[in-house]
Amino acid sequence: MSEMNGTVVEVHGMRATVLSHDSGRRIRCRPLRDRRQLAVGDRVCIEEGRGGWEVLELDERVHSLWRPAERGRRIMASHVDRVVIVCAVQPGPRPGLIDRFLVAADAEDIEVAIVVNKTDLEGVELSRMILEPYVSLGVEILETSSHAGEGLERVSELTKRGMSVFAGHSGVGKSSLLNVLFPGIELKTADVNAQTGKGRHTTSVTTCHTAGDPWPAGAMVVDTPGVRSFGLYGFELTQIAHGFREFRELATGCKFRDCLHETEPGCCVREAVDSGALHLGRYDSYLGIVDSVRRGEG
């Protein structure tokens, strides 16, 4: 029997494909004996026996992303270094989704960048206006056009080491962008539906692609299916408040330590909103997320 360490790069029900750290082979494996669900990015030890390869051990998970599931939430990826939120000029950026990803990433200490794709189309200035609040938060915002081949250098530099999860609504050109950044991965692409303005799903499962030096020294890019929404099931409401970065310093002056900045007396966050010092759109987004989580809708 032989053992080796690797990273899960695909999940097929309970089975998984593991990328060996030694040989670079992709090996289809049977699940853990305790039937725990594996996720892309999991660091595992695998063993070859008489019945083939199986996962023996799962390393402790860190920097994990979670997605909503029918019963609570399910792990989306682990050992994530950064989330690249891809939006587009057409259809325009949707702050609600961005805010949810920021909260989820903050809870696991994961770096975030926003990519605005399709800058060769009309609406660039409007997109910049929508995303302006995130600039003041220190979130890096990159403008690209996969069609015109513009603005790709910084994205390539940002993702040349570690694991980068690309996520966003359908139709924002995520797969097209990855095809240009990483030639050879040949992801399927499709146009936005002309009647509904919504994207067509071209990525149906989460897939991993390596680049640069052999993994884990090099880079791994995770392409996720386009989403309609991204829930925050299972998050404490105080976690959500902490995930809104501009609230943090203000919250130290709130009368109550666990203030949720809704109707509590002596709330410095709400006072900043009333005075115009805090962006109203961000505050409204926060209240909407808190309300949806409280009602169990994420």
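The values are calculated or read from the model by the stated rules, or taken from the named source; none is laboratory data. Bear in mind that the values here come from a model prediction, so they are computed numbers and not experimental data. All Cβ positions, glycine included, derive from the backbone under ideal geometry; neighbour counts span all protein chains shown.
Given the residues D99, D81, which is the only one that is of a type in the set (D, E), touching a residue at least 60 places away in the same chain (Cβ under 8 Å) and buried (at least 20 other Cβ atoms within 10 Å of the Cβ)?
The conditions single out D99.
Given (1) over 25 Å from V40 (Cα atoms); (2) at pLDDT below 90, where does H201 come up short, assuming only one miss?
Looking at each condition in turn, H201 falls short on (1).
Is there a residue being out of contact with any helix residue (DSSP H, G or I) (no Cβ under 9 Å at 6 or more places or on another chain) and either buried (at least 18 other Cβ atoms within 10 Å of the Cβ) or closer than 14 Å to D106 by Cβ (or both) anywhere in the stretch 237-245?
The answer is yes, given that some residue of the stretch 237-245 is out of contact with any helix residue (DSSP H, G or I) (no Cβ under 9 Å at 6 or more places or on another chain) and either buried (at least 18 other Cβ atoms within 10 Å of the Cβ) or closer than 14 Å to D106 by Cβ (or both).
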